[in-house]
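Q: Starting off with a structure, shown below.
What follows is calculated from the coordinates using simple rules that are stated; it is not laboratory data. Since this is a predicted model, take the numbers as computed values, not measurements. Reconstructed Cβ throughout: ideal geometry from the backbone, glycine too, with neighbour counts over all protein chains shown.
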Amino acid sequence: MAIPLHPGPLVTTDLDADDPIPEGFVLVDVRSEDEWDAGHAPGAVHIPVDELADRIEDVPDSDVILICRLGRRSAHAAQILAEHGIEAWVLTDGMAAWQSNGLPLVSSDGDIPTIA
């Protein structure tokens with residue numbers, strides 16, 4: 001895995017398909033509840049971007065990788081975190097790239113996971 005030295009953009013090809021979230025990092029999914037329920041990365045933490053500023057204390061105290069569907073909400077979430085002194089990596093192309101690169105997915109209801 002080739003994570004840049006400073007937080008910023010990160011692409012799914014930087015992640016190991018067998019163990020996509022490196023030790024010491026946490027994946028924070030900022031998509032809506034419906035998107036999360038349909039399919040998300042195992043072990044991710046769910047904090048929708050519209051709740052992030054009010055739930056800043058829920059952001060794990062570790063290196064953060066942000067993910068949404070395509071990357072725009074993650075970039076916005078990174079700005080919110082930066083305003084609170086938290087740096088984060090943004091997974092470019094988000095869950096769409098996650099799925100297309102064969103990285104693991106789970107759904108909240110046990111159905112076949114999809115990226116909504």
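Q: List, in order, the whole-Hz ³J(HN,Hα) value for each residue of segment 62-75 obtained from phi through the Karplus relation with A = 6.51, B = -1.76, C = 1.60 and θ = phi - 60°; use x for Gly and Pro.
A: So the Karplus estimates, Gly and Pro as x, are 7, 5, 10, 10, 9, 9, 9, 6, 10, x, 5, 5, 5, 5 Hz.
Q: Also: Applying 1/(1 + (r/R0)^6) with R0 = 35 Å to the Cβ-Cβ distance of Glu87 and Thr114, what FRET efficiency is obtained, to the nearest 0.05? Mind dumping the intermediate values first?
A: Values: r = 31 Å, r/R0 = 0.89.
About 0.65, to the nearest 0.05.
Q: I need the fraction of alpha carbon pairs in segment 67-116 separated by more than 18 Å, rounded to a whole percent.
A: Details: 502 of 1225 pairs.
Looking at segment 67-116, the distances longer than 18 Å represent 41 percent of pairs.
Q: With a 10 Å cut-off between alpha carbons and a GNM built on the chain, which of His76, His40, His84 moves the most?
A: Among His76, His40, His84, the largest GNM mean-square fluctuation belongs to His84.
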